Amino acid sequence: YLSGWSTEGRPCPEGALSLLDPMFDPQVDDFSDEVLSGTKPLPPMASETDRIMAHSLAAYAYFLKYRASEDELAIIAQEAQDFHRLSEQRNVTDPLDNVLRGVWHANCAASMQFITPAVLMAGYAFRDLAQCLHIDVYDITHYRHLWRALTKRDEELIAEGRLRLTTSQDTPKDEICAYGRCISKARKIKVEEGTSACLKPCKGDCPVDLKPSYCSETCRLKDWDRHRLIC
């Protein structure tokens, strides 16, 4: 369902969660009336390894719902009527509920050192939201395993960025637009005396030696997806 094999390439989070939910419910009775009547899916015989992988998949499913557009949320709401889920979610399109569920699953995976891109995406999404609300996620010690994983990844990204600077180009970074696909003359400029041409540095909290400069606001916005994890 997450690969979109049954929906023409479009991920189906509700379909995925309908299969994943039983793996997180230790109270499921294999011989309950609901199971025998076919109204509740049979819980899979999951090993601990399978369950940890399932937490990562669930984190990704909730992340997709959290980041979904209005049109995508309408489709998700419709699909929710087609799938029976053990985890009762009153409003499957509620972004706050989705990001909270996603970060819980991500932390479960991180607690067993299973750090996947899905785990990191769910963690970063929650951390970004918390920062907007002026909440320090590191005060939420219940999710400390996930915060450690994010901190380690932050350090790796900064180290990778510094390595690229030492091996890539001879032109100083403050003389070249950081957006790699910039096609303007400012892609590579040297400010000459008497001219007003200049590159504007990022105003974020990124390390000084990794702070990119841009020839325009357009290039800065286009490069944000790449730079945001370091910033």
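The values are calculated or read from the model by the stated rules, or taken from the named source; none is laboratory data. Computed from a predicted model, the values in this text were never measured in an experiment. Methodologically, a virtual Cβ is constructed for each residue, glycine included, from the backbone with ideal geometry; neighbour enumeration extends over all protein chains shown.
Key figures
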| quantity | calculated |
| --- | --- |
| Residue count for the stretch 126-147, restricted to those that are in a helix (DSSP H, G or I) and either surrounded by 15 or more Cβ atoms within 10 Å (Cβ to Cβ) or outside the structural domain of F114 (by TED's automatic domain parsing) (or both) | 9 |
| Within the stretch 52-96, tally of residues that are part of a loop (DSSP other than H, G, I, E, B), polar (S, T, N, Q) and loosely packed, with under 15 Cβ neighbours inside 10 Å | 4 |
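Condition check ((1) in contact (Cβ under 8 Å) with a residue 40 or more places away in the chain; (2) outside any helix (DSSP H, G or I); (3) within 11 Å of A59 (Cα to Cα)) across all residues:
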| position | (1), (2), (3) |
| --- | --- |
| N98 | no, no, yes |
| I115 | no, yes, no |
| Y124 | yes, no, no |
| A149 | no, no, no |
| K152 | no, no, no |
| L163 | no, no, no |
